[in-house]
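Reviewing the structure listed below.
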Amino acid sequence: MTHQQALEILENAGCSKKVIAHCLAVSGLATLMGKELLSRGEDLDLELVEIGGLLHDLGRAETHGMMHAVVGARLAEDKGLDPRLVLIIKKHIGAGITQEEAMELGLPEDDYIPRTLEEKLVAHADNLTKGTRKISLDEKLALMRRKNIDTSSIERVKRLADEIGIV
């Protein structure tokens, strides 16, 4: 899938210009981080990272709540997109959501923890992007604390940042 095809999917789904701008920023940051990891010898699919970053908020065409990840994954699946893209979309919230947390949040009972490096990169880039602006990890953590996000989720975001090693 090309960059342009991914943008057309967002537009045709009804994503706002603001959401698309955010997706472009996340994709750019995730791709930049992916290039850095490739230069360090990591094995990853950079095109998957770029397109996954573009499509991660596809579900915001229908909802802006936590459910946007589930809705986006369904939309991507309905379009017959690569299952790896579907998982990036589904697992990009924060640094992931456990099956137990999903049930508490009213999401379908499932595991939303990013497992592949590509899933983790998109989630991490999304964590470090507010609107179209790159933010620091400290700023992200402060935002989470102000929103009264539970400590385990905050710790998971920190661990993901440590694992990726790029902030």
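A few points about this structure:
- Using Cβ point charges alone (K and R +1, D and E -1), the dipole size of the range 3-164 about the Cα centre works out to roughly 720 debye.
- Placing unit charges on the Cβ atoms of the charged side chains and taking the dipole of the range 78-144 about its Cα centre, the candidate lying farthest along the positive direction among Val122, Ile135, Gly96 is Ile135.
- Qualifying trypsin sites (Lys or Arg not before Pro) for the range 92-167 [loop in DSSP, other Cβ within 10 Å: at most 12]: Arg115, Lys147
- Shape call, the range 3-164: gyration tensor on alpha carbons, a/c limit 1.5: rounded
- Within the chain, helix-based [θ] at 222 nm, where runs of 4 or more DSSP H residues each add -39,500 (n - 2.57), nearest 500: -19500 deg cm²/dmol
- For Lys130, distant residues with modelled amide H under 5 Å away: Ile135
Only the coordinates and a few stated rules stand behind these numbers; no lab work does. These figures come from a predicted structure and were not determined experimentally. Neighbour counts are summed over all protein chains in view; Cβ atoms, including those assigned to glycine, are modelled from backbone coordinates with ideal geometry.
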